[in-house]
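Take a look at the structure set out below.
The values are calculated or read from the model by the stated rules, or taken from the named source; none is laboratory data. Given the structure is predicted, the values throughout are model-derived calculations rather than measurements. When we count neighbours, we look across all protein chains shown, and the Cβ atoms used for this are built from the backbone with ideal geometry, even at glycine.
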Amino acid sequence: MRIITLFYLMFCFNFLSIYSQSIVSLSTDKARYSNGETVNIKIELEEIGNTHSIIIEVYHLAQLLDQINYTSITTDEIIFEWLPPEDDFKGYLVSVKLLEQSLLLENKFIAVDVSSDWSKFPRYGFLSDYSELSDEQIQMTVEKLNRYHINGIQFYDWHWKHHVPLKGTPENPAEYWLDIANRTNYLSTINRYIEAAHSKNMTTLAYNLLYGAMEDAWQDGVQEDWYLFKDQFHFEKDEIDLSFWGHYLYVMNTSSSGWNDYIYSKMNDVFDAINFDGWHIDQLGDRGTRYDYTGSIVQIDQSFSSYLIEASETLNKKLVMNAVNQYGYKQIADSPVDFLYSEVWYPNDTYFELANIIGQNFNYSSGTKNTVLAAYINHDLSGNQGYFNTPSVLLVDAVIFAFGGAHIELGEHMLGHEYFPNNNLAMSQELEEKIVDYYDFLTAYQNLLRDERTFFVPSITSGFIYEIKPWPPSIGKISTIGVKTENEEIIHLINFAGTSTLYWQDNEGTQTEPILFENIEINIDVEKIPESIWIASPDFKNLTPQELQFEKDADKITVTIPKLYYWSMLVLDYNAPTYISNEINDLPNKFELFQNYPNPFNPTTVISYQLSVNSKVSLKVYDILGREVAVLVNDYQSAGNYQVEFNAEGLSSGVYYCRIESGSYSQTKKMNLLK
């Protein structure tokens with residue numbers, strides 16, 4: 001018996017090892033490339049022999065630009081060097097396929113941004129920990145941000161005092177200091193972070209308020225008549241109580257030339273001492289009625305434009321300024337900032353308001369400046385340890401990205417709180433994998449998502465059971481957003497069928513994932529017939545474009561959406577046909593179990609899942625007590641997409657759990673049987 005068992009284990013091991021060949025990772029050497037720069041993509045492989053080959057395909061939107069084959073691979077690392085076309089401000093998608101003879105084993109992808117200036121398509125991240133970190137820790141964090149294609153970093157709370165951010169002098173800066181939260185920050189950590197970021201072509205910005213002074217500011221030359229006051233008689237200064245850290249933070253009057261000259265000088269000391277590229281300027285939003293030293297009412301936001309113009313002329317550095325809940329956004333948009341940055345709070349608490357802020361910024365800047373939103377997902381959960389709700393994050397990113405914005409959320413950790421060092425909430429493995437897909441999608445398709453564009457309302461009809469309607473979103477419906485570029489009409493489909501709330505922050509972390517749909521036939525009214533139609537999604541097909549067949553009838557076309565999970569982007573191309581490679585069908589790039597449909601169900605429901613490699617699969621259903629009630633799959637399966645019907649005839653109403661296991665991967669979904 002022991003011999004048989006040993007033989008069986010050896011057989012299983014050998015069987016699985018046959019299929020353990022894989023693409024371990026893809027990485028670019030920079031987050032952003034200047035036009036004319038060579039792109040270096042590192043492909044790390046595992047268990048590769050001379051019967052394997054690699055096919056690399058490079059796409060710009062739906063056009064296949066390059067295809068390169070590597071045969072008889074004998075190394076576990078390949079550096080693919082690619083010289084992009086001379087065009088500036090373009091996004092590309094690189095698909096890497098691993099084959100053994102003619103069998104496709106795995107398909108992964110990575111995006112490339114060729115832009116001479118980060119401000120055109122900002123993807124903003126952050127840092128918040130400047131303790132004594134090793135070179136390895138710093139490099140690991142920057143490499144992680146690089147994989148997300150983060151091209152600019154906000155150095156949050158790096159400084160000493162708000163009114164004297166640099167401790168020491170430009171010629172002899174201090175080696176370390178206590179920040180406002182009494183953390184010890186080290187100059188060497190900041191400098192090494194900047195050096196590592198610059199090596200990836202990331203822009204680095206030093207965080208500070210435009211008008212903050214601490215309780216001892218008078219000792220450092222801050223004058224009494226520079227403050228803002230709550231009363232007309234300058235008895236009560238405008239202040240923020242930070243006594244839990246042992247400090248008070250006072251708000252200064254940015255209409256005062258004395259204060260402005262003072263803080264510009266202090267920031268200039270920063271730039272003389274530390275190689276920051278610019279200043280991320282923060283504010284505190286609408287302060288209500290405030291007075292200057294003479295008793296006159298001060299309209300704080302009315303000084304923003306002149307303040308920023310003078311800061312730009314004085315410092316000659318890149319500037320970004322926070323419009324807290326859109327306070328002063330018109331003044332900021334009229335100033336020399338690289339892009340528009342808005343921190344979002346109540347009452348801007350629905351997906352509709354998120355999109356509206358991006359639209360406000362886009363319209364007021366006449367489409368010249370893109371938007372980054374600071375929108376803190378699951379904020380109220382961040383006081384305790386836990387995990388971000390994956391549907392919350394992905395739906396917010398789908399909305400922000402579809403409307404042409406970006407989301408500051410990625411740093412040493414994911415951002416769930418306005419105090420950036422708060423790292424109580426973590427990303428699950430599932431979310432970590434999906435967020436890479438979303439940032440690859442944002443980067444690869446930036447010319448459709450974030451370039452010059454106009455919005456329109458698409459006219460769509462369908463016999464589909466779930467209503468497809470124009471934005472704004474509704475629970476249980478699919479929302480459409482129409483965007484026109486010079487040569488394309490883009491219809492974004494964002495899926496709110498199956499979701500539980502339209503409040504983006506999802507403070508309880510209870511947002512539910514949408515229902516996975518397949519083969520949705522829609523009719524679109526058009527003014528003229530497109531040359532081709534294609535679709536892409538961060539949720540399927542390795543992000544690669546998929547050409548669709550369509551029927552045309554006068555001023556209407558009929559097309560079938562193959563899949564819709566969170567977000568799919570349908571493109572009507574009026575310029576030229578697509579040039580998509582169809583030599584080898586794409587495989588899923590990761591394991592995933594999707595939410596069953598319908599849910600609730602009675603008595604049957606369909607469970608969909610995908611496998612990225614050939615593997616042993618177990619798919620089982622359990623009741624709420626953890627008792628196994630059904631085995632749906634227990635077999636070796638090839639990589640691909642699968643659907644299984646579960647019939648709950650004979651089971652009582654209640655909550656059930658579907659669990660998939662494949663190798664080290666496992667995932668569980670909750671199902672509701674309602675009879």
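Restricting attention to segment 397-437, the residues that are buried (at least 18 other Cβ atoms within 10 Å of the Cβ) and assigned to a helix (DSSP H, G or I) total 11. Please find, among L394, L373, the residue that is assigned to a strand (DSSP E or B) and either modelled with pLDDT of 95 or more or among the basic types (K, R) (or both). L373 is the lone residue from the list that is assigned to a strand (DSSP E or B) and either modelled with pLDDT of 95 or more or among the basic types (K, R) (or both). Per the listing A426, A375, the residue uniquely more than 20 Å from H280 (Cβ to Cβ) and out of contact with any Ser or Thr (no Cβ under 8 Å at 6 or more places or on another chain) is A426.
The residues on offer are E44, E57, and the sole one that is under 26 Å from D539 (Cβ atoms) and either among the aromatic types (F, W, Y) or buried (at least 21 other Cβ atoms within 10 Å of the Cβ) (or both) is E57.
Hey, can you tell me all the residues within segment 78-92 that are more than 18 Å from S116 (Cα to Cα), surrounded by 12 or more Cβ atoms within 10 Å (Cβ to Cβ) and not β-branched (V, I, T)? Walk me through it before giving the result.
We begin by selecting, within segment 78-92, every residue more than 18 Å from S116 (Cα to Cα); these are 78-81.
Still in the running and surrounded by 12 or more Cβ atoms within 10 Å (Cβ to Cβ): 78, 80.
Selection gives F80 alone.
The set of residues in segment 628-644 that are in a strand (DSSP E or B), farther than 9 Å from K616 by Cα and not hydroxyl-bearing (S, T, Y) comprises E628, V629, A630, V631, L632, V633, G640, N641, Q643, V644. Assess whether N614 counts as being surrounded by 17 or more Cβ atoms within 10 Å (Cβ to Cβ) and touching a Ser or Thr at 6+ places or on another chain (Cβ under 8 Å). Spelling it out, N614 is indeed surrounded by 17 or more Cβ atoms within 10 Å (Cβ to Cβ) and touching a Ser or Thr at 6+ places or on another chain (Cβ under 8 Å). Scanning segment 444-480 for residues that are in contact with a helix residue (DSSP H, G or I) (Cβ under 8 Å, 6 or more places away or on another chain) and in a strand (DSSP E or B) returns a single hit, F455. Kindly establish whether E136 is in a loop (DSSP other than H, G, I, E, B) and either at pLDDT 95 or above or buried (at least 21 other Cβ atoms within 10 Å of the Cβ) (or both). Spelling it out, it is not the case that E136 is in a loop (DSSP other than H, G, I, E, B) and either at pLDDT 95 or above or buried (at least 21 other Cβ atoms within 10 Å of the Cβ) (or both). Close contacts from segment 403-419, counting a first residue that is closer than 17 Å to Y341 by Cα and a second that is in a loop (DSSP other than H, G, I, E, B) and at pLDDT below 95, with Cβ to Cβ under 8 Å and a gap of 6+ residues or different chains, come to G404/R453. Scanning segment 338-369 for residues that are assigned to a loop (DSSP other than H, G, I, E, B) and either within 19 Å of Q505 (Cβ to Cβ) or of a type outside the set (V, I, T) (or both) gives D338, F339, V344, W345, Y346, P347, N348, D349, S365, S366, G367, K369.
Applying a threshold of 6 Å to beta carbon distances and a minimum spacing of six or more residues, or different chains, the list of pairs starting in segment 77-106 at a residue that is of a type in the set (F, W, Y) and ending at one that is at pLDDT 95 or above and assigned to a loop (DSSP other than H, G, I, E, B) reads F89/S115; F89/K120.
Any residue that is without any contact (Cβ under 8 Å) to a residue 40 or more places away in the chain, touching an Asp or Glu at 6+ places or on another chain (Cβ under 9 Å), assigned to a loop (DSSP other than H, G, I, E, B) and not hydroxyl-bearing (S, T, Y) - is there at least one of those in segment 327-337?
Yes: one or more hits.
Candidates are the residues of segment 185-226 that are assigned to a loop (DSSP other than H, G, I, E, B) and of a type in the set (D, E); the one that is surrounded by the fewest Cβ atoms within 10 Å (Cβ to Cβ) is D216.
Based on this model, can you work out whether D238 counts as buried (at least 16 other Cβ atoms within 10 Å of the Cβ) and either touching a strand residue (DSSP E or B) at 6+ places or on another chain (Cβ under 8 Å) or not β-branched (V, I, T) (or both)? Judged against the criteria, D238 is a match. If you go through segment 161-184 and pick out every residue that is surrounded by 15 or more Cβ atoms within 10 Å (Cβ to Cβ) and either under 13 Å from M214 (Cα atoms) or in contact (Cβ under 8 Å) with a residue 60 or more places away in the chain (or both), you end up with 11.
Of the strands (runs of 3 or more DSSP E) that lie entirely inside segment 481-549, those containing 3 or more residues that are of a type in the set (A, V, I, L, M, F, W, C) span 488-495, 517-525, 532-536. S265 meets the conditions (1) surrounded by fewer than 21 Cβ atoms within 10 Å (Cβ to Cβ); (2) out of contact with any Pro (no Cβ under 9 Å at 6 or more places or on another chain); (3) under 25 Å from F155 (Cβ atoms); (4) touching a residue at least 40 places away in the same chain (Cβ under 8 Å) in every case but one. The failed one is (4). Of all residues in segment 230-245, those that are part of a loop (DSSP other than H, G, I, E, B) have Cβ atoms under 7 Å from Cβ atoms of residues that are among the hydrophobic types (A, V, I, L, M, F, W, C), 6 or more apart or on another chain, in E236/F229; D238/L228; D238/F229; D238/V251.
On the given criteria, is D286 under 24 Å from Y124 (Cβ atoms) and assigned to a helix (DSSP H, G or I)?
It is false that D286 is under 24 Å from Y124 (Cβ atoms) and assigned to a helix (DSSP H, G or I).
Please indicate, with yes or no, whether at least one residue in segment 119-131 is modelled with pLDDT under 95 and either closer than 27 Å to L319 by Cβ or aliphatic (A, V, I, L, M) (or both). No, segment 119-131 contains no residue that is modelled with pLDDT under 95 and either closer than 27 Å to L319 by Cβ or aliphatic (A, V, I, L, M) (or both).
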